[in-house]
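The values are calculated or read from the model by the stated rules, or taken from the named source; none is laboratory data. This one's a predicted model, so the numbers in the text were calculated from it and none came from an experiment. Cβ: placed from backbone, ideal geometry, glycine included. Neighbour counts: every protein chain shown. For the accessible areas, the whole protein counts, side chains as well, though only heavy atoms, and no ligand, DNA or RNA atoms are used. Shrake-Rupley method; radii C 1.70, N 1.55, O 1.52, S 1.80 Å.
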Amino acid sequence: MKCTRCRAKAEVHLRAHNAGFCRPCYLGFFRRQVERAIAAECMCTPEERVLVAVSGGKDSLALWDVLLDLGYRATGLYLAQGIGGYSTRSQEKVEAFARARGLTLRIVELGMEGPGLAVPDVAAVTRRSACSACGMLKRHFFDEAAIAGEFDVLATGHNLDDEAARLLGNVLRWQVDHLARQRPVLPPTHPKFVRKVKPLHLLSEYETAVYAFMRGIDYVVEECPNAAGATQLVYKDALNRLEAASPGTKLAFMREFLRTGQRAFAGRPAEAQGAPQTCTRCGMPAWGEVCAFCKLVAEVESKRARAVTGPAA
Ligand code: SF4
Ligand code: ZN
């Protein structure tokens, strides 16, 4: 196959776009897709300071790389979750990426925060699933790091596969409040929130992997051990089958939802619940007097104390 742009030998074939690209043209294609997504959704400007949440995986490192390449002022944020060897290896990849390029990287060590909040410990003591604890901690520390560092924007590496699987899950259960908020840009609804953006939301996992490979990005290939059995993987698998039978399905599903379907859910009462209040303990946004994070910390502290002293007589 020949490159659709320059007619050289193609290295990658994108069935969803009915196109083939040689290496330089593919890198140009990928950058343009990101540039277009940023411009179409007014995600950020070159003057703004962007905090990129990096996990050590291909998507977030590719996002950091492409944002810098496009001239954005992007700083990395890594959350050390304390998930055994997986976290150790992920952190090594992120640190090596930043070191090799002379980039600023911020690291939040969950085990050193509050009463000690490593994901497996929080999950065990509160009997939550690791992903539920992790999700809550991520939200809090991403928001906190963005506001503490005076960033304008928080960017995450969610790709088309992630977003389409999330959309499928939301549609299958008709979670209208989730559908109302499923957008690639979330404007801040509280002074302690910054704008949240997903510049890779229309680029597939495969396209991001090819970009990372061509750019020589060394990323952690293994999945988080807690991801096994997640429902999202079932949705991804279903979408991959649909995509194989009809290339372009995922892109159309996502794009048309954003273009036409999403507005049917936006502005519904669930979304019109207004702006969050302010947590009386930590000052971060809260739905109620105390935020979910402070409630979690209080639960961890009281359950640990009970484990030491034994149940009250
Ligand atoms: Fe966190 Fe679960 Fe994702 Fe692992 S799979 S990083 S525990 S949300
Ligand atoms: Zn709080």
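So here's what we get for this one:
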{"item": "Residue that is most open to solvent (accessible area, probe 1.4 Å), among those in the stretch 15-41 that are in contact with a strand residue (DSSP E or B) (Cβ under 7 Å, 6 or more places away or on another chain) and part of a loop (DSSP other than H, G, I, E, B)", "result": "Glu41"}
{"item": "Residues satisfying the stated conditions in the stretch 82-115, i.e. in a loop (DSSP other than H, G, I, E, B), surrounded by 13 or more Cβ atoms within 10 Å (Cβ to Cβ) and without any contact (Cβ under 8 Å) to a residue 60 or more places away in the chain", "result": "Gly82, Leu103, Glu113"}
{"item": "Any hit, the stretch 274-281, residues being within 16 Å of Leu168 (Cβ to Cβ) and either surrounded by 15 or more Cβ atoms within 10 Å (Cβ to Cβ) or modelled with pLDDT of 95 or more (or both)", "result": "no"}
{"item": "Enumeration of residues in the stretch 160-172 that are within 16 Å of ligand 1 (Cβ to nearest atom) and more than 21 Å from Ile83 (Cβ to Cβ)", "result": "Asp161, Glu163, Ala165, Arg166, Gly169"}
{"item": "Count of residues meeting criterion [within 20 Å of Cys134 (Cβ to Cβ), open to solvent by 20 Å² or more (accessible area, probe 1.4 Å) and of a type outside the set (Val, Ile, Thr)] in the stretch 286-313", "result": "9"}
{"item": "Residue match in the stretch 148-157 (condition: farther than 30 Å from Leu14 by Cβ and surrounded by 18 or more Cβ atoms within 10 Å (Cβ to Cβ))", "result": "yes"}
{"item": "Residues being among the β-branched types (Val, Ile, Thr) and assigned to a helix (DSSP H, G or I) - total across the stretch 191-217", "result": "2"}
{"item": "Residue in the stretch 284-301 that is outside any helix (DSSP H, G or I), within 16 Å of ligand 2 (Cβ to nearest atom) and in contact with a helix residue (DSSP H, G or I) (Cβ under 7 Å, 6 or more places away or on another chain) present", "result": "yes"}
{"item": "Residues located in the stretch 184-204, provided they are crowded, with 18+ Cβ neighbours inside 10 Å and of a type outside the set (A, V, I, L, M, F, W, C)", "result": "Pro184, Pro188, Lys192, Arg195, Lys196, Lys198, Pro199, His201, Ser204"}
{"item": "Test result for Thr280, among the hydroxyl-bearing types (Ser, Thr, Tyr) and within 16 Å of ligand 1 (Cβ to nearest atom)", "result": "no"}
{"item": "Residues satisfying the stated conditions in the stretch 236-253, i.e. in a loop (DSSP other than H, G, I, E, B) and either open to solvent by 40 Å² or more (accessible area, probe 1.4 Å) or of a type in the set (A, V, I, L, M) (or both)", "result": "Ser246, Pro247"}
{"item": "Among (1) more than 23 Å from Cys131 (Cβ to Cβ); (2) in contact with a helix residue (DSSP H, G or I) (Cβ under 6 Å, 6 or more places away or on another chain); (3) modelled with pLDDT under 95, the one test that Gln232 misses", "result": "(1)"}
{"item": "Selection within the stretch 218-235 - more than 8 Å from ligand 1 (Cβ to nearest atom), part of a loop (DSSP other than H, G, I, E, B) and closer than 17 Å to Tyr206 by Cα", "result": "Asp218, Tyr219, Val220, Val221, Glu222"}
{"item": "Any hit, the stretch 132-150, residues being in a helix (DSSP H, G or I), within 16 Å of ligand 1 (Cβ to nearest atom) and more than 27 Å from Cys44 (Cβ to Cβ)", "result": "yes"}
{"item": "Any pair with Cβ under 6 angstrom, 6 or more apart, that starts in the stretch 282-299 at a residue that is under 15 Å from Phe193 (Cα atoms) and ends at one that is within 7 Å of ligand 2 (Cβ to nearest atom) and outside any loop (DSSP other than H, G, I, E, B)", "result": "Cys282/Cys294"}
{"item": "Scope the stretch 167-181; condition open to solvent by 50 Å² or more (accessible area, probe 1.4 Å) and out of contact with any helix residue (DSSP H, G or I) (no Cβ under 7 Å at 6 or more places or on another chain); matching residues", "result": "Leu172, Arg173, Trp174, Gln175"}
{"item": "Test: Val66 is assigned to a helix (DSSP H, G or I), out of contact with any Cys (no Cβ under 9 Å at 6 or more places or on another chain) and open to solvent by less than 10 Å² (accessible area, probe 1.4 Å)", "result": "yes"}
